[in-house]
Amino acid sequence: MLTILFDGIAYGMVLFVLACGLSVTMGLMNFVNLAHGAFAMLGGYVTVLLMQRLGLPFLASLPAAFLAAALAGIVLERLVYRPMYAKSHLDQVMFSIGLVFMAVAGTDWLLGSSQQIIQLPRWLQGRFYVLGVGIGYYRLFVIGICGLLAVALQWGFAKTRFGSRLRAAVDDARVARGLGIPVNRLFALTFALGSGLAGLGGALGIELMGLDPTFPLKFMIYFLIVVTVGGTSTITGPFLAAMLLGVADVMGKYLVPQAGAFIIYALMVILLLLRPEGLFARART
Amino acid sequence: MSELLRIEGLSAGYGDALVLFDVALSLDEGRSLALLGRNGVGKTTLVNTIIGVTRRRAGRITFADADISTATPEQRAHAGIGWVPQERNIFKSLTVVENLTAVARPGPWTTERVFRMFPRLAERKSNLGNQLSGGEQQMLAIGRALMLNPRLLLLDEPTEGLAPIIVEELLAALKTLFRDEGLAAIVIEQHARTILELTDTAIVLERGRVVLADDSAALLREPARLERHLGLSAAA
Amino acid sequence: MTFRRTVLKGFMAGALAVTLGCAAQAQEVVKVGLILPMTGPFASTGRQIEAAVKLFLAQSGATHGGKRLEVILKDDTGNADATRRIAQELVVNDKVAVLAGFGLTPLAMATAPIATQAKIPQIVMAAATASITEASPFIVRTSFTLPQASEPMADWAWSNGIKRVFTVVTDYGPGIDAETSFANKFKAAGGTVESVRVPLRNPDFAPFLQRVSEAKPDALFVFVPSGIGAQFMKQFVERGLDKAGVKLIGPGDVVDDDILNGMGDVAIGAITTHHYSAKHDSAANQAFVKAFEAANPGVRPNFMAVGGYDGMRLIAEALKATNGDASGEKLIAAMKGASWESPRGPITIDPATRDIIQNIYVRRTEKVGSDLFNIEFATIPQVKDPVKARK
Amino acid sequence: MSAVLQTFNLVKTFGGITATDDVTFSLEKGARHALIGPNGAGKTTFVNLLTGVLRPTSGRVSLVGQDITGLSREARVKRGVARTFQINQLFRTMTPLEMISLVTAERLGRGMRLFQRLDADGEAIAETADILARFKLEDIMDQRIATLPYGKQRQIEIAAAFAARPSVLLLDEPAAGVPEAERRELLETVAALPDDVSVLLIEHDMDIIFRFATRITVLVNGRVLTEGEPAVVARDAAVKQAYLGEAAHV
Amino acid sequence: MSGTVLEQHVRQSLRRARRWHPAELAFWLLAAASFALFPTRFLILNEIAILALFALSLDLILGYAGIVSLGHAAFLGMGAYSAGLLAKYVTADPLAGLAFGMATSALLGLLTSPLVLRGTDLTRLMITLGVALILYEVANSLAWLTGGADGLQGITMAPIFGTFDFDIFGRTAYLYSLLVLFILFLIARRIVNSPFGLSLRGIRDNQLRAAASGVPVPWRLAAIYALSAAYAGAAGALLAQTTQFVSLDVFDFHRSADLMLVLIIGGAGYLYGGLIGAIAFKFLQDAIATFTPQYWMFWIGLFLVLFVLGGRELIHGAIKALVARFPERGASS
């Protein structure tokens, strides 16, 4: 039972790293970017290619996954996302679904449609037992990395000047601009950071969620659930939402396997009905 | 004294609605201007247009010899305009200190100096913006604008809705800023007489137009002129 | 590899376009509508079969029984409505004489009424639910059925000292087939079985494997569609089930040749019963594997490929037998009882059920050199689909 | 004269802030009553309480003697309380004709008729035509509202409220944002409202107040500071102080 | 203008708004002609007709009432399974199935309408999506009834009116779908031009003003949501009956997403958007899939991106230009 809880936490942690970038960009620019998962996929494939083709160790490929996705984020933000900010949510949804389609088909064309597999270093394989609770090394590693990231993000968001400027911009972009905070530049940086984190999440998630060209479509709904349930104005909201989702999903399948994915969708609908602004959102201004 | 701000032929509004018509004014370095008028005549719109968050339809705004008519709000802020918006708009998820540091630009104004000016704020350093009282929020909004080390301060109804004792404290602070620091400022105020005592000049807006412009002292001497534009008598 | 493959694909697409272009004038052409999932989660199935079909035509030439076989490839994305519509279009517009492909059970089932109505043979090259061939008298199967592959496993398990088995199968037709056929047979032999079904769209096996881990069975019987086997294997090992002494058994889908090599050492030791291994020891198979890998560098043929290869051969042989008469009834009649030495071993189309009769092999996954293979160590000869055989 | 719309000890608090503080108010039949007050005096809250957007914390609202405190917005409109908004709230993709037709159809209870043809409803057409003529919208009735000049839009705002045939009409700064050139026409429209409609005017513009209002209520900090005829209120020392801010005592 | 003259003008103006534009007549004539013109394409034409009906249903809530939905497949699926199950277990009569599918979907729409009346567009998108996904899972787990992941097999339809049998060429199927589409379109056209339809447009334009004009906003939205659901249910029923097969796919996310694309391509809020979008989308998809069966998704994606970035004006401009070609009939009609 505790083992399952542990598994759920690891799953939720990866979901958080994957989705947190989306939540901040959504809160900051009110921009719905369904193509977020494409950056995650990019990170995943960078890892796979580096490990398979260049023989790089797993650990070394993780930063590369982050950098590649972040770079792609910067470039795409500059080139194609900018004109979309002023458009309606519906247009943004259409536009980013288009990008997802292109990413899915493009990846398939370049790298084939099969599931990608990586070989973890030996020290990350297997598991050990503490008081009868089985703990997988890799899941522990994931929890460690994502936990550190979550703490670092929370610290960066709460304690640095960048973070306070970002929060100011999310609170009230109009006044923030009037007081000299360069909202657009902040956004570009955040977008890059969020994309990079998605890339890292994609790399870490290969083992837990698999990786194939349909990844951005398969997990789009999960990301959206994390963001809408967690709200878009904090780091803790999406974090708790991701944990809730991860644990509920894994526990649900364990306890009532026949109900399958039903549980998380029902949970989402109920939560959104109770708290339309997100579970942990502050009151609107 | 050199001219700091010059506005010519300015028309502006929000969306389709046009609020300001052909407004012109000029302000020299170190001088303060009271912006008077009844509710809804366009005072806030004028201030918001100077900082650049409305829809400008026509006219020119020159600040420190540069045309900023089409500049973004960020650029105007960096050029040296400090804005205290009408609703104060404290960043509610930032602490008092963060509200100050988030916008800070180099110059003589620092958090310490703001806290010296408003000791109440110093006591609430680590409170979040939305945990402050109205008066504290107003002090923070002013302090926040000062952290940009501006050459021109825009104050939109700094005393609105505040208790008399707080109003006095604020007015004292403004007096220091205007008189001792020599900071140029435009102040919107409903209570005309109070503010005229602090400012050098004043203009009165009516239905989006400047209908009166004179020295503050001159207006104070002739209350009838004021009352005609601000009081409850028919203007025409 | 991928770039070369892509170029090849481009070439094929071009060739396809040309053949389509001259289809109108060719009286002597017999068209085969090949409907496969070329995109989506089951795309690998489509790719394998497509490659094998092309290989067969390249090897044996396009002309059989005086007619030139021409293949029209369509992607149904694994969506049954699309399969059905495409099949109907192929029949009505392109006047195909044979429908072939069908990556998944629902896709084959959805098309069955078309085959019946149009009286056109429907060659099922992949889908493996037992009941498919009963959906239309025009369906012939060259892949396998899951009961066919699963029941022998029950025998093997019981006679090798396994008493308690936990089954984990994907929750759709083939999975349920595998589960029930194995469980019934194994219980009949005296064993005990616990079961859990995994949804078709499922990102994480952890919770299901955890249940297995707590049940501590002698063996875990698994069926997942080809493609996600790797993930399953890794999590099986990660959860320490191998070390806990749980044997991994099942039909061969989970150690699909296509992805086996990528799984790494986690797959070693799995015992599976299946009809084909790329390491099947026969001259026919060695030639097949060699030619396949030459045409598709870096891709190892799997049981899907062999289904496609034999399916195409079945069409060619039937056409030869009818002397080029492509009418559906004639072709079906010719296919019934057809028999030859396939890369997988001797096969026969059961004249009664139109399903395939073939050897089932018990294999162990082992490392040969640096590569992983399923090494056959026992053979159950000439297995009929047990579900239909019992009727 | 008799009261049409009345409030009794109306209180509305938001958290710790009292936005409407014990307001007892009465709008007489056929009145032209102005409601004024400095920013933040609670005028908007008061209007929202009258129209049913907000529910009072305590106190009552009544319309011709009947309690309407618990009624929804739509129900109050049906009973005869209509309003305009300070910022235009128009059906911008429609034509004036369509917008007025909509309000008329709702008033006549046609709203759930799924198969009724708009051009086959003589009663609705007559009423729509009447409103269009009254507000001088005939010439522009087929143009998209979004493309019309702001003054015209303001006029449609009033026409749409009037089309609900209210007994009480709340006008929230009817001339706000209207350019000088279009102002005259708009004010004529307000002047031409029939006498049997009681008008509550929320205004800052003294021109308009002195031109139309026969009575003024001054709201300060959510309370009624004073009420009376315009000339009297204008001379009131407390009002002067509220507006000009002489000394800081109350 | 005297009162009665103005009344005449008002009447004429209102009539003009609902009168048939020559381009509309041309559209439907062309649709009827397609039956003779493309005798080999009935299958895809049938799919287009069904998709068009489905898109029409979304247009009713999105284009006319401003409710966004990313889960409209819920109603398509409800209609499809209802019609399919009725045919399998009760009666094979197509019209009974159509009516039953519409009724169950409308009921589902009515029951779920409270869920979409609150919140922002984003929460609405997620909630509708969630409802559709839940129904997917429900249909999956009720395998004894629905066939689960294998789909509902063994549906056979009786001939329509006992005479017109569903043939393999899809002739009857297309005619049936086209007729149902046309009749439901006529009804929709009538409804959007009624006082009810006008009040919906009012709600879409400005809820505040609508409420201030006496429109009971929540009730109206519930009514149109149920109506839209019934239309989607009809599309589902047609799908089930003409393909004689229902799979879980009818509830799938991509159905709702494609639908949104269709409507956006064609333009929402004038009833024809969904129809034109369906035609464009299907032919585009079919054409791309023919020349590149594996990577059609890329081109659809590229098309979408370009469309949103600036192609929309081009396409909608072209439609407008095409419509403008038709001479406007005199005001006398």
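The values are calculated or read from the model by the stated rules, or taken from the named source; none is laboratory data. Everything numeric here is computed off the predicted structure, so don't read it as measured data. Every residue, glycine as well, gets a Cβ built from its backbone with ideal geometry; the counts of neighbours run over all protein chains shown. Note: areas computed on protein heavy atoms with side chains; ligands, DNA, RNA excluded. Shrake-Rupley method; radii C 1.70, N 1.55, O 1.52, S 1.80 Å.
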**Complete:** Exception for B:L10 within (1) more than 14 Å from chain A (Cβ to nearest Cβ); (2) in a loop (DSSP other than H, G, I, E, B); (3) without any contact (Cβ under 8 Å) to a residue 60 or more places away in the chain falls at (2)
**Asked** When you go through C:G229, C:G252 one by one, which is the residue that is in the same structural domain as C:K367 (by TED's automatic domain parsing), in contact with a His (Cβ under 6 Å, 6 or more places away or on another chain) and open to solvent by less than 10 Å² (accessible area, probe 1.4 Å)?
**Response** C:G252
**Prompt:** Is one or more of the residues making up the range E:274-290 among the small types (G, A, S), open to solvent by less than 30 Å² (accessible area, probe 1.4 Å), in a helix (DSSP H, G or I) and facing another protein chain (nearest Cβ under 10 Å)?
**Reply:** no
**Asked** Can A:A103 be described as closer than 24 Å to A:L54 by Cα, more than 12 Å from every other protein chain (Cβ to nearest Cβ) and of a type in the set (A, V, I, L, M)?
**Response** no
**Item:** Residue list for the range E:192-214, filter: surrounded by fewer than 21 Cβ atoms within 10 Å (Cβ to Cβ) and aliphatic (A, V, I, L, M)
**Value:** E:L208
**Item:** Top-ranked residue of the range E:113-128 - restricted to ones that are more than 7 Å from chain A (Cβ to nearest Cβ) and part of a helix (DSSP H, G or I), ranked as nearest to C:Y172 (Cα to Cα)
**Value:** E:T128
**Request:** Identify, by number, the condition in (1) farther than 23 Å from E:L271 by Cα; (2) open to solvent by 10 Å² or more (accessible area, probe 1.4 Å); (3) over 18 Å from the mean Cα position of the chain (by Cα) that E:G84 doesn't meet.
**Result:** (2)
**Prompt:** Taking C:F42 and the conditions (1) open to solvent by 20 Å² or more (accessible area, probe 1.4 Å); (2) within 23 Å of A:D212 (Cα to Cα); (3) touching a Ser or Thr at 6+ places or on another chain (Cβ under 7 Å), which numbered condition does it fall short on, given that it satisfies the others?
**Reply:** (3)
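Answer yes or no: is there a residue in the range D:213-234 that is more than 29 Å from D:I17 (Cβ to Cβ), among the small types (G, A, S) and either part of a helix (DSSP H, G or I) or within 11 Å of another protein chain (Cβ to nearest Cβ) (or both).
Scanning the range D:213-234 turns up at least one residue that is more than 29 Å from D:I17 (Cβ to Cβ), among the small types (G, A, S) and either part of a helix (DSSP H, G or I) or within 11 Å of another protein chain (Cβ to nearest Cβ) (or both).
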**Asked** Quick check: is even one residue across the range E:180-188 more than 27 Å from D:F91 (Cβ to Cβ), touching a residue at least 24 places away in the same chain (Cβ under 8 Å) and open to solvent by less than 30 Å² (accessible area, probe 1.4 Å)?
**Response** yes
**Message:** So in the range A:135-186, with the set limited to residues that are of a type in the set (V, I, T) and more than 7 Å from chain B (Cβ to nearest Cβ), which one is farthest from C:Q231 (Cα to Cα)?
**Reply:** A:V183
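State whether the residues of the range E:172-179 include one that is within 14 Å of chain C (Cβ to nearest Cβ) and either within 24 Å of E:G63 (Cα to Cα) or at pLDDT 95 or above (or both).
Initially, the range E:172-179 is screened for residues within 14 Å of chain C (Cβ to nearest Cβ), giving E:172-174, E:177.
If we keep only those that are either within 24 Å of E:G63 (Cα to Cα) or at pLDDT 95 or above (or both) as well, we get E:177.
Checked the range E:172-179: at least one residue is within 14 Å of chain C (Cβ to nearest Cβ) and either within 24 Å of E:G63 (Cα to Cα) or at pLDDT 95 or above (or both).
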**Message:** Quick check on the range C:118-140. Is at least one of its residues at negative phi and among the aromatic types (F, W, Y)?
**Reply:** yes
**Fill in**
The residue from E:E47, E:E24 that alone is surrounded by fewer than 17 Cβ atoms within 10 Å (Cβ to Cβ), away from chain A (no Cβ under 14 Å) and of a type in the set (D, E) is E:E24
**Prompt:** Any idea which of (1) outside any helix (DSSP H, G or I); (2) at pLDDT 95 or above is the one E:L98 doesn't satisfy?
**Reply:** (1)
**Message:** Tell me the residue from C:V255, C:V222, C:V266 that is within 12 Å of another protein chain (Cβ to nearest Cβ), in contact (Cβ under 8 Å) with a residue 24 or more places away in the chain and β-branched (V, I, T), please.
**Reply:** C:V266
**Message:** Please count how many residues of the range E:134-152 are more than 24 Å from the chain's Cα centre (by Cα), facing chain C (nearest Cβ under 9 Å) and part of a helix (DSSP H, G or I).
**Reply:** 6
**Request:** Only one of these is over 22 Å from C:A43 (Cα atoms), of a type in the set (S, T, N, Q), more than 7 Å from every other protein chain (Cβ to nearest Cβ) and open to solvent by less than 30 Å² (accessible area, probe 1.4 Å): A:S61, A:S88. Name it.
**Result:** A:S61
**Message:** Which of the helices (runs of 4 or more DSSP H) found entirely inside the range C:163-273 contain at least 1 residues meeting this: over 25 Å from C:D371 (Cβ atoms)?
**Reply:** C:173-189, C:206-215
**Prompt:** Within the group E:L271, E:L238, E:L248, which residue is buried (at least 23 other Cβ atoms within 10 Å of the Cβ), out of contact with any Leu (no Cβ under 6 Å at 6 or more places or on another chain) and more than 14 Å from chain A (Cβ to nearest Cβ)?
**Reply:** E:L238
**Residue in the range D:45-64 that is farthest from D:A105 (Cα to Cα), counting only those that are out of contact with any Ser or Thr (no Cβ under 8 Å at 6 or more places or on another chain) and in contact (Cβ under 8 Å) with a residue 12 or more places away in the chain** = D:S58
**Prompt:** Can A:G27 be described as more than 19 Å from the chain's Cα centre (by Cα), open to solvent by 10 Å² or more (accessible area, probe 1.4 Å) and of a type in the set (G, A, S)?
**Reply:** no
**Message:** Taking the condition of being under 19 Å from the mean Cα position of the chain (by Cα), surrounded by fewer than 19 Cβ atoms within 10 Å (Cβ to Cβ) and closer than 14 Å to C:D265 by Cβ, how many residues in the range C:367-384 meet it?
**Reply:** 0
**Message:** If I ask for residues that are modelled with pLDDT of 90 or more, more than 16 Å from C:P37 (Cα to Cα) and at the interface with chain E (Cβ under 9 Å from one of its Cβ atoms), which ones from the range C:62-111 would you list?
**Reply:** C:V91
**Request:** Could you name every one of the strands (runs of 3 or more DSSP E) located completely within the range B:128-220 that has at least 2 residues being open to solvent by 20 Å² or more (accessible area, probe 1.4 Å), farther than 30 Å from B:Q75 by Cα and touching a Leu at 6+ places or on another chain (Cβ under 9 Å)?
**Result:** B:209-215
**Complete:** If we ask which residues in the range B:51-91 are open to solvent by 40 Å² or more (accessible area, probe 1.4 Å) and not small (G, A, S), their number turns out to be 12
**Message:** If the requirement is being open to solvent by 40 Å² or more (accessible area, probe 1.4 Å) and within 27 Å of E:P216 (Cα to Cα), which of these qualifies: D:G65, D:G16, D:G40?
**Reply:** D:G65
**Prompt:** Does the range B:22-36 contain at least one residue that is surrounded by fewer than 19 Cβ atoms within 10 Å (Cβ to Cβ), outside any helix (DSSP H, G or I) and free of Cβ contacts under 8 Å to residues at least 40 places away in the same chain?
**Reply:** yes
**Request:** For residues that are charged (D, E, K, R) and open to solvent by 20 Å² or more (accessible area, probe 1.4 Å), tally how many sit in the range C:58-88.
**Result:** 5
